[in-house]
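S.K.: A single structure is presented below for examination.
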Amino acid sequence: MNAVRPLAPDDTLHWVKLVHTAVWAVLGGCVLAIPMAVFLARLDVAAVLIGLVLCELLVLAHNGMRCPLTDIAGRYTAERQANFDIYLPLWLARNNQRLFGTLYGLGVAYAVAAWWAGR
């Protein structure tokens, strides 16, 4: 029977980056889908999406506005560029919170306005 060998640090970093990128894609998709759901008058869907992203915001807030996966990736490399922990272009990794935070805020405002108008 073969023993399971631990992953090399580079392999572990690769897997952490893959998971981080997948989580980012799902949450980024949620942010982009919020105004679409509102436009389609699916405020129930928009509310679920808003709640999912809000859960991530609570995790970030609890961790000093850093994704916990960043801390895990940091164990496997000395690199510290904005995208050392995720497969994103450097410009996007640098501006991720500002860009998607703004889009999220606008989407939430749009959902609240649509809900208020429909009351």
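S.K.: Taking θ = phi - 60°, what integer Hz values does the Karplus form 6.51 cos²θ - 1.76 cosθ + 1.60 yield along the stretch 83-90, in sequence order, with x for Gly and Pro?
M.R.: 10, 5, 10, 7, 8, 10, x, 4
S.K.: Taking θ = phi - 60°, what integer Hz values does the Karplus form 6.51 cos²θ - 1.76 cosθ + 1.60 yield along the stretch 24-29, in sequence order, with x for Gly and Pro?
M.R.: 4, 5, 5, 5, x, x
S.K.: Can I ask one more? Enumerate by residue number the chymotrypsin sites (Phe, Trp or Tyr not before Pro) in the stretch 1-103 meeting two conditions: DSSP loop (anything except H, G, I, E, B), and at most 14 other Cβ atoms within 10 Å of the site's Cβ.
M.R.: Hits after loop and neighbour filter: Y87.
S.K.: Between V19, A73, L54, whose Cα lies farthest towards the positive end of the dipole of the chain when Lys and Arg beta carbons carry +1 and Asp and Glu beta carbons carry -1, centred on the Cα centre?
M.R.: Of the candidates, L54 comes out farthest on the positive side.
S.K.: Would you calculate a helix-derived [θ] at 222 nm for the chain, using -39,500 (n - 2.57) for each DSSP H run of n ≥ 4 and dividing by the full residue count, to the nearest 500?
M.R.: The per-residue figure over the chain is -25500 deg cm²/dmol.
S.K.: Two decimals is fine: what is log10 I(q)/I(0) at q = 0.23 Å⁻¹ for the chain, from a Debye sum with one equal scatterer on every Cα and no solvent?
M.R.: -1.27
S.K.: Can you give the angle from 0 to 90° between the axis of helix 43-62 and the longest principal axis of the chain, with both taken from C-alpha atoms, to the nearest 10?
M.R.: 40
Where a number appears in this text, it was derived from the coordinates with a stated rule and is not lab data. What you see is a predicted model; the values in this text were computed from it and never measured. Cβ sites come from the backbone with ideal geometry, for glycine too, and all protein chains shown count toward neighbours.
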